[in-house]
Amino acid sequence: MKQIKLVISIFLSIILLNNNVFAQEQNDDIVSEKETKAFQLTFFPPLGTAGISSYKYSNKFSFNMLAGYNGGVKYFELGGIANINKGDVFGGQVSGFTNINTGKTQGIQLAGFYNQVANNMDGFQLAGFMNLNMSNMTGLSASGFTNIIKGNADGWLITGFSNVVSGDLTGAQFSAFSNVSKGDVKGVQLAGFVNVAKKVNGVQLAFINVADSVDGVPIGFISVVKHGYHKFEVSANESLYGNVTAKTGVKHFYNIFTAGINPFKDTFYWSVGYGLGSELSLSPKMNLNIDVTGSHINENQWTKALNVLGTFKINVSYKITKGFEFFAGPSYNVFVSDISSGDNINNDFIPWYFYNETYDNANVKMYFGFNAGLRF
């Protein structure tokens, strides 16, 4: 219990000291030409070789048993818990808990928990929990939970949860959950769940991608691009006589969400599906679409058994008016159904086939088809 209280006390002292540093910056100008010392040793401010005037000196080498408050570092600084500098840091900086610099930092910054730089950061940052850069960052910023750049980032951001850049990003963002860039991105955004950016020149890869515009490829379950590809289709084919489809993303790579019905047989068939596609321009009025979709086929109510229709389509569209197209084309279909309950109860769903084989409890049929519709 005493050790826990000691750690908490030290942590609170560091917070108060950090607040005091920034309060001093608002009230006093940083000494532009600090005296440089070769070496300093501090137990805990002001218990050190420079005493209460430690912030006035920039040190080539700085060693802080618990925490230190100095005017800057020229080559290397080591702190048991915290390194706090009211000035620029050049070289290496290592602490068990946190590094806090109110000037610019060039070099390597390692902390067990938290790094903070008020001015530009150029180099390598590694923190167990968080890196916070109040200005621009160039290089690599890696952390266990989050990286926040309140300026432009030129380099790589790697974290366990989320990367946030207030300005533009040139380079790459990698996170387990989310990447957010309030400015433009030139490079790569890769996240476990969501990527957000303004203008993207490169690649987005996540479950959800959001952007204002993309000159590249957004790859995900759904990509929402404000100035991108947004189409709605109504169509018919030989298996499902009524289909509605929404396409979103960019022209050369979009997501497909589709649903269809066939109410004219003894069994009411309906489907929900997902897919990917790409559109190529053939002429000012004609486009070529290549789509791949997978749909779950239901009989009357939701069917729990395996009923999957895979479709590869090549459609040619003709622009009738602005925002209104007619399309048609052939398809190649593969239908896989579970027949463990007996005969293939889905046999009448398939109008014809050229391939029909059963593997264990799954029946596979293949057939060619044709589809046509209108696109808005």
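Things to note:
- Residues that are assigned to a loop (DSSP other than H, G, I, E, B) and of a type in the set (A, V, I, L, M, F, W, C), drawn from the range 263-320: 264, 268, 302, 305, 306
- Residue list for the range 37-76, restricted to those being more than 17 Å from residue 105 (Cα to Cα), assigned to a strand (DSSP E or B) and modelled with pLDDT under 75: 37, 38, 44, 47, 48
- Residue check for residue 113: at pLDDT 95 or above and either at positive phi or aromatic (Phe, Trp, Tyr) (or both): yes
- The listed residue being modelled with pLDDT under 95, under 39 Å from the mean Cα position of the chain (by Cα) and either surrounded by 16 or more Cβ atoms within 10 Å (Cβ to Cβ) or not assigned by TED's automatic domain parsing to the domain that holds residue 235 (or both), out of 307, 315: 307
- Evaluation of residue 282 against (1) within 18 Å of residue 325 (Cβ to Cβ); (2) in contact with a Leu (Cβ under 6 Å, 6 or more places away or on another chain); (3) touching a residue at least 60 places away in the same chain (Cβ under 8 Å) (one fails), failing number: (3)
- Search result, residues across the range 181-206 that are more than 17 Å from residue 142 (Cβ to Cβ), surrounded by fewer than 24 Cβ atoms within 10 Å (Cβ to Cβ) and among the aliphatic types (A, V, I, L, M): 194, 196, 203, 205
- Single condition residue 284 does not satisfy, out of (1) in contact with a strand residue (DSSP E or B) (Cβ under 6 Å, 6 or more places away or on another chain); (2) modelled with pLDDT under 95: (1)
- Filter result for residue 256 (surrounded by fewer than 20 Cβ atoms within 10 Å (Cβ to Cβ) and either over 23 Å from residue 226 (Cβ atoms) or modelled with pLDDT of 95 or more (or both)): no
- A count restricted to the range 191-239 and to residues that are part of a loop (DSSP other than H, G, I, E, B) and either within 30 Å of residue 308 (Cβ to Cβ) or in contact with a Cys (Cβ under 7 Å, 6 or more places away or on another chain) (or both) stands at 9.
- Filter pass, residue 138 being crowded, with 21+ Cβ neighbours inside 10 Å, among the β-branched types (Val, Ile, Thr) and under 25 Å from residue 169 (Cα atoms): no
The values are calculated or read from the model by the stated rules, or taken from the named source; none is laboratory data. Small disclaimer: the values here were computed from a predicted structure and weren't measured. All Cβ positions, glycine included, derive from the backbone under ideal geometry; neighbour counts span all protein chains shown.
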